[in-house]
Amino acid sequence: MGVIKKLPIYTEKLPGGGLILTSLETVINQAQAKSLWYLLFGTACCAIELMCTGASRYDFDRLGMIFRATPRQADLIIAAGTITKKMAPRLRRLYDQMAEPRRVIAMGGCTIKGGPFYYDSYSVEKGIDHIVPVDMYIPGCPPRPESLLEGCIHLQEKIKKQKLSDWQEK
Amino acid sequence: MSSRFGDDILSIEDFRGDRSYHIKPGALFEICQTLFEDDTFDVKFLADITSVDWYDHEDAAAGRFEVVYNFYMLSHTYRFFIKVRLDESNPRIASLTPIYAAANWLEREVYDLMGIEFEGHPELTKILTADDLEGFPLRRDFPLTYEVPQFSFNKDDPPEVIK
């Protein structure tokens, strides 16, 4: 029993026995939640906070999040910065190139609803939810690294709660 | 420069150490070619091209659009500006691409945002704005639009676009 007590918390234990059981759903959800490799998509000042979060002081890597420079290896887009109407088809193309399951974080006011460019702008897309489905919105202009970390933790919680029976292609 | 092109220079403006030459539109290409080729001037660097819209301004009588050429003389470390006024009905000016290769993208940018046509440019197309955007957004009379934000009191209304 000493070994079993030291096992991670998500391991399900049968009372009084040596068997350890868990569901396939839990394993898949844990694997997805704890290795969210994100696509670098920094287009404005939010990217500075994203870089700061990835560096040693805030250390994104402890959440299992490593940046990828190609959509083929990424599970997540962190859209950090203003998305212009000219950039919008490129964002959709990168999203289409990612493998399922794929997720999107809208970081900052610009990606949520256009931010400070909401009024009188001829070039800025008013929210990236017009282009790609968004899983998590992180407000701020730009959000502090703590906000980004909390948003990612919330996204992990969301992934852990998903059911295999609900899975569908977006 | 005043003695060389005296007839084509309309006025000279000094402002906080920067000198601007207001010249006639027809003489631009000739002047720039002389500036580039003549060793006494030796102007090899076209730093920037910008434009101003004097729409509904008291100075608009001289021409609504103003194209500003930003030159830098590397051998003399001296910067100066050449300004050309263009009429609203026909905003056309000779392209500097045969002289300065740097003028290619700069003139495309001015065309894209202000709608000034450069005659003799090899490929005068959009460079910055989205392909489906009509009009020239940095003109003063470009229509501004916005959507009414959806709050709790009007969340059931359809999004309204005000033009």
> Taking region A:99-126, which residues are within 29 Å of residue B:139 (Cβ to Cβ) and either at the interface with chain B (Cβ under 10 Å from one of its Cβ atoms) or open to solvent by 40 Å² or more (accessible area, probe 1.4 Å) (or both)?
Replying inline: A:113, A:114, A:116, A:117, A:118, A:119, A:120, A:121, A:122, A:123, A:125, A:126
>> For region B:113-146, give me each residue that is modelled with pLDDT of 85 or more, of a type in the set (A, V, I, L, M, F, W, C) and either at positive phi or open to solvent by 70 Å² or more (accessible area, probe 1.4 Å) (or both).
In response: B:128, B:138
> Restricting attention to region B:95-112, does a residue exist that is open to solvent by less than 80 Å² (accessible area, probe 1.4 Å) and within 13 Å of chain A (Cβ to nearest Cβ)?
Replying inline: yes
> Would you pick out the residues in region A:69-98 that are within 14 Å of another protein chain (Cβ to nearest Cβ), surrounded by fewer than 19 Cβ atoms within 10 Å (Cβ to Cβ) and in contact with a helix residue (DSSP H, G or I) (Cβ under 9 Å, 6 or more places away or on another chain)?
Replying inline: A:88
>> If I filter region B:1-60 down to residues being open to solvent by less than 80 Å² (accessible area, probe 1.4 Å) and among the polar types (S, T, N, Q), which single residue comes out as modelled with the lowest pLDDT?
In response: B:2
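The values are calculated or read from the model by the stated rules, or taken from the named source; none is laboratory data. What you see is a predicted model, and the numbers here were worked out from it, not measured in a lab. Every residue, glycine among them, receives a Cβ derived from its backbone with ideal geometry; neighbour counts consider all protein chains shown. Surface accessibility is based on the protein's heavy atoms, side chains included, excluding ligands, DNA and RNA. Shrake-Rupley method; radii C 1.70, N 1.55, O 1.52, S 1.80 Å.
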